[in-house]
1. Among the residues of the range 292-320 satisfying the criterion of being in a strand (DSSP E or B) and either open to solvent by 20 Å² or more (accessible area, probe 1.4 Å) or within 16 Å of ligand 2 (Cβ to nearest atom) (or both), which is farthest from Leu368 (Cα to Cα)?
2. Can you tell me how many residues within the range 256-284 are open to solvent by less than 40 Å² (accessible area, probe 1.4 Å) and either aromatic (Phe, Trp, Tyr) or in a helix (DSSP H, G or I) (or both)?
3. Take the range 358-392 and flag every residue that is open to solvent by less than 70 Å² (accessible area, probe 1.4 Å), near ligand 1 (Cβ under 10 Å from one of its atoms) and farther than 20 Å from Ile257 by Cα.
Amino acid sequence: MPGNPSSPASTEFYKDNTNLKWIILGVSLIISVGTILFTNILVNQLKERERHQVELFAKALEYTINDSGNEILFITEEIIFKNNSIPTILVDEKGEIISYHNIEISPEWSKEKKDEVLKEALADMKKVYPAIDIVLKDAGNQGTFAVQKVYYKNSMLLAELILFPYVETSILAIFGFISYLAFNYSKTSEQNRVWVGLAKETAHQIGTPLSSLMAWVEVLRDDPELKNKGFVEELDKDIRKLRIVTERFSSIGSTPILKEENVFQLVNNVVSYLQPRLSSKVKIEVYTLSESIKANVHAPLFEWVLENLCKNAVDAMENTGTIAIKILRGSDSKVLIDISDTGKGIPKKLVQSVFKPGFTTKKRGWGLGLALAKRIIEMYHEGKIFVKSSDESQGTTFRIELKSA
Ligand SMILES: Nc1ncnc2c1ncn2[C@@H]1O[C@H](COP(=O)(O)OP(=O)(O)OP(=O)(O)O)[C@@H](O)[C@H]1O
Ligand SMILES: [Mg+2]
């Protein structure tokens, strides 16, 4: 990849982008926890208010039962009548239900069904709050002759308020998740369009002068003055390389067709192209168990991947060391290609990031080499590419997994 003086900025941008995700997640968490805490305060206040209301209701019942001749009867009745939200059940000393309020009972139900529903409601109420006593006094000597109990549970409003923050947080989480997927999808499809568009345009732009160059080479080839001087052959080599580059760009811009290819052969093509162009202190060694291992690949794109991995290896070794390429057969008919270097390794915390577009630690890097390699291997070959191991003292091994032919 060509040099890029502004690449540190692209690394920064990449970092900012991941930070932004954490910030959004953090803020959402704070809002959710805040909502839950605030609603909890409201719930507690409302619980207290309902308790008071039931106590008042019980008092009113007590008055009404104890002294029906009282002149404030209309007030107590008003209080009893006013409780139209908190479910209550009044039971006698033996625990038998005397009356109930605000419990949904259909008039069409049989007595058994009604009793059953009331019993269940009573059991529920006993679990949530302690009962409020109603002391019944003898009209004559004012002695206590019975104690009845009022049981109650949360009003519908309170029950809903308790659930509200959880429902709200779940809805927000689902909404956030769907938005995230949609955003990711649109980002990926936009990136795809950029990759494809730029690649096609590049192939197209190089294509026109290239055809004309090819024609000129043919003209020069016939020139008797240039014969046997080697110029034309050198020119022809460069044109061939340019054709390969054009083919790579045009393939990435379309759906490449995979063919059964000899992997050892392809690796050797790349090595024999790269070796003479590298420092003499860099050795590339190729190992294979069998020279006839075949895989379904698109040769120009696959060679591009190998070239990118080897160039990264050379950079990591600072132009001194050995690159070992091993071709292996994996389980369930996979072809494995391991590219190892003796370079400086990738720090553990960066291993996850090296395939992300724009990620680079180099002064003059675009951070596109591995992103392109991943795209070629995973999207076009349905294979895998990953960092198999990396160590500061031993260097790095990248592994490519392909389906065998
Ligand atoms: N073999 C390796 N050893 C150590 N670090 C590596 C190796 N291969 C990749 N890296 C790290 O991963 C980063 C991303 O690599 P990638 O090939 O995507 O981009 P680049 O080489 O920086 O730029 P370019 O777009 O020119 O290839 C590198 O900058 C480097 O930090
Ligand atoms: Mg690179």
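The values are calculated or read from the model by the stated rules, or taken from the named source; none is laboratory data. Because the structure is a prediction, the values reported are computed rather than measured. Virtual Cβ from ideal backbone geometry, glycine too; neighbours counted across all protein chains shown. Surface accessibility is based on the protein's heavy atoms, side chains included, excluding ligands, DNA and RNA. Shrake-Rupley method; radii C 1.70, N 1.55, O 1.52, S 1.80 Å.
1. Lys294
2. Final tally of qualifying residues: 7.
3. Correct list: Gly358, Phe359, Thr360, Gly365, Gly367, Leu368, Gly369, Leu370, Ala371, Val387, Ser390.
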